[in-house]
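Have a look at the structure below, then the notes.
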Amino acid sequence: MTVTSKIVNSAMFAASAKIISKVLGLFSTMVLARLLAPEQFGLIAIVSIALYFFDILSHTASEQYIIQKSSVTKKELGTAWTANLVLKSLICVLIVLSAPWVALFFERPVLTNAIRVSALILPLQALKSPIYILLKRQLKFAPLFWSSLAERLFAVPLLIGLAIILQSYWAFIITDIVAGVLAVGISYFIAKRRPVFTVSGLAVQWTFSKWMLAKSIVGYARSQIDTVVVSKAFSAAMLGNYHMARELAMMPAHFILGPAIDPLLSAFKNDKNNKAELLNNVAFTLIVVFLISIPLCAYLWAFSPEIVLVLLGKNWSEAGALLSILSFLFLYWSMLHVVETALIAQSKVRLIFYFDLFSLCFIAGSLIVGVNYSLNIYELAWIRVVTGLLGSLILLVKLFEGYLKQLVSVVWIFLLIVIVSYIWGVLVSYQATCFANFPPWLEMFVSGLELMIILTLALTALWRVNTHYHIARLISIARIVLFKGMSTLNKK
């Protein structure tokens with residue numbers, strides 16, 4: 001099997017797992033948004049920020065270390081698992097002890113016990129068998145698909161049931177802990193053997209991991225700084241609306257692009273000593289990212305109030321207005337994820353750390369200035385989007401330093417997709433009156449279909465006029481995906 005076929009197979013399995021997981025998650029969100037008030041979502045957002053910041057502190061980068069290596073021994077895998085378990089257990093104790101001060105920082109003392117109990121999630125995550133890392137490294141995503149599906153099928157009904165009974169954010173915390181226990185059991189059912197408890201070679205792993213740890217801390221702070229600012233400057237209800245709008249804006253990344261990009265690190269490592277070829281693959285990946293993210297951003301911009309109304313109900317009007325702005329976070333995240341993946345493949349973790357530090361200061365400083373000038377939450381959302389996109393562009397140019405010609409084709413196709421999306425937006429505004437007497441979902445469906453048709457025609461025309469390498473490669477991969485899909489249907 002060729003590398004391209006392996007990547008396609010891995011991407012399809014990873015995407016399937018994430019899509020099913022997110023569909024179930026979306027279903028539970030639709031139900032929970034009608035059961036719980038926005039304030040409850042605001043409070044669980046605070047607990048999540050605190051918990052996963054501590055999780056980052058216990059981040060040993062074991063997965064990235066194992067994946068990027070040319071070969072892996074059992075001792076190296078055991079060391080990665082041991083270091084992760086010990087550190088996460090220590091951080092769990094630290095969370096329990098510091099919970100009152102963390103809750104006080106967010107001006108929500110009522111969350112002290114919630115933060116303490118949620119700390120159990122960290123050692124549960126670390127207890128999972130390291131076989132998952134090997135499966136990702138070998139691009140064997142089928143077992144990961146089935147384990148993820150089993151976990152979600154168990155967690156969703158449990159979460160909804162607890163929400164009905166408890167009517168509070170505790171439903172999320174209890175579900176995460178119970179699902180964590182199940183995930184540990186499933187991992188050892190797949191592995192069928194216990195991991196080795198050892199610290200052999202820990203110094204070598206730490207040399208790689210120390211910069212990944214620093215990068216992770218700063219990167220997480222950068223990604224969540226806007227939520228922290230909103231939690232300090234606005235009510236829990238407004239924080240809940242902002243949090244939900246942000247989650248919906250990022251959902252396409254988790255549904256589509258994230259799973260497809262996950263195998264890239266394993267594929268990029270094959271070209272880490274050939275920068276020209278690596279950047280060629282990065283350029284192609286960016287084209288795929290723009291092909292998906294830009295039209296989706298346009299769609300979210302055009303129909304954000306309708307999407308929120310359908311998904312969350314009538315109590316989330318602020319989220320509808322915020323979604324149209326925060327939808328561009330999807331574009332920012334997708335581009336940044338590709339660029340950072342390529343840099344990690346080249347072991348340039350220190351560069352990413354310095355970028356994340358600069359980006360954090362830039363974004364945080366801009367948001368704090370905005371709060372001092374009493375900007376409203378929508379204006380702060382625009383600041384978050386613009387500063388994030390500017391930072392990503394800087395890192396992109398740095399990655400292609402000395403090879404900027406390879407970006408030319410990316411820029412041209414980017415402009416083509418933007419123009420097509422703009423033309424579609426004009427068409428939607430003109431035909432709005434035609435759908436005035438029809439339900440919103442019909443206009444959303446027809447407009448989405450029009451967007452796909454216009455974009456397909458534009459790319460086909462470009463391919464006919466100019467047989468561009470990246471377009472030809474994209475069509476080749478599309479054919480592989482369609483062939484495999486048809487083969488699967490024929491077998492059934």
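The values are calculated or read from the model by the stated rules, or taken from the named source; none is laboratory data. Everything quoted here is computed from the prediction, not taken from an experiment. Cβ: placed from backbone, ideal geometry, glycine included. Neighbour counts: every protein chain shown.
Report, by residue number, each residue of the range 367-390 that is surrounded by 12 or more Cβ atoms within 10 Å (Cβ to Cβ) and free of Cβ contacts under 8 Å to residues at least 40 places away in the same chain.
Matches in the range 367-390: Gly370, Leu375, Glu379, Ile383, Val386, Thr387, Leu390.
Can you tell me which residues in the range 398-429 are hydrophobic (A, V, I, L, M, F, W, C), under 25 Å from Lys348 (Cα atoms) and not in a loop (DSSP other than H, G, I, E, B)? Talk me through it step by step, then tell me what you get.
Residues of the range 398-429 that are hydrophobic (A, V, I, L, M, F, W, C), as a first pass: 399-400, 404, 407-408, 410-420, 423-424, 426-428.
Subset that is under 25 Å from Lys348 (Cα atoms): 399-400, 404, 407-408, 410-411.
Once the filter is applied, which keeps residues that are hydrophobic (A, V, I, L, M, F, W, C), under 25 Å from Lys348 (Cα atoms) and not in a loop (DSSP other than H, G, I, E, B), the range 398-429 yields Leu399, Leu404, Leu407, Val408, Val410, Val411.
At least 1 residues that are at pLDDT 80 or above in each: list the helices (runs of 4 or more DSSP H) lying fully within the range 205-308 that qualify.
236-252
Given the conditions (1) out of contact with any helix residue (DSSP H, G or I) (no Cβ under 7 Å at 6 or more places or on another chain); (2) within 30 Å of Lys232 (Cα to Cα), which single one is not true for Lys398?
So Lys398 meets the others, but not (2).
Pick from the range 330-348 the residues that are under 15 Å from Tyr220 (Cβ atoms) and not acidic (Asp, Glu): which of them is surrounded by the most Cβ atoms within 10 Å (Cβ to Cβ)?
Residues of the range 330-348 under 15 Å from Tyr220 (Cβ atoms): 333, 336-337, 340.
Retained after the next criterion (residues that are not acidic (Asp, Glu)): 333, 336-337.
Numbers: Trp333: 22, Leu336: 24, His337: 19.
In this case the residue turns out to be Leu336.
Going through Ile133, Ile115 one at a time, which residue ends up being under 25 Å from the mean Cα position of the chain (by Cα), modelled with pLDDT of 90 or more and crowded, with 18+ Cβ neighbours inside 10 Å?
Values: Ile133 fails: modelled with pLDDT of 90 or more.
Answer to the selection: Ile115.
Which residue pairs have Cβ atoms under 6 Å apart, sit 6 or more places apart or on different chains, and have a first residue in the range 305-321 that is in the same structural domain as Pro440 (by TED's automatic domain parsing) and over 10 Å from Leu248 (Cβ atoms) and a second that is surrounded by fewer than 18 Cβ atoms within 10 Å (Cβ to Cβ) and modelled with pLDDT under 90?
Every condition considered, the pairs that remain are Glu306/Pro440; Gly313/Arg34.
Might you check whether a residue that is hydrophobic (A, V, I, L, M, F, W, C), modelled with pLDDT of 75 or more and surrounded by fewer than 21 Cβ atoms within 10 Å (Cβ to Cβ) occurs anywhere in the range 52-63?
yes
Has the range 180-203 got any residue that is farther than 22 Å from Trp81 by Cβ and modelled with pLDDT of 80 or more?
no
Quick test for you: out of Arg350, Arg384, pick the one residue that is under 22 Å from Leu213 (Cα atoms), among the charged types (D, E, K, R), in a helix (DSSP H, G or I) and assigned by TED's automatic domain parsing to the domain that holds Arg246.
Among Arg350, Arg384, only Arg350 is under 22 Å from Leu213 (Cα atoms), among the charged types (D, E, K, R), in a helix (DSSP H, G or I) and assigned by TED's automatic domain parsing to the domain that holds Arg246.
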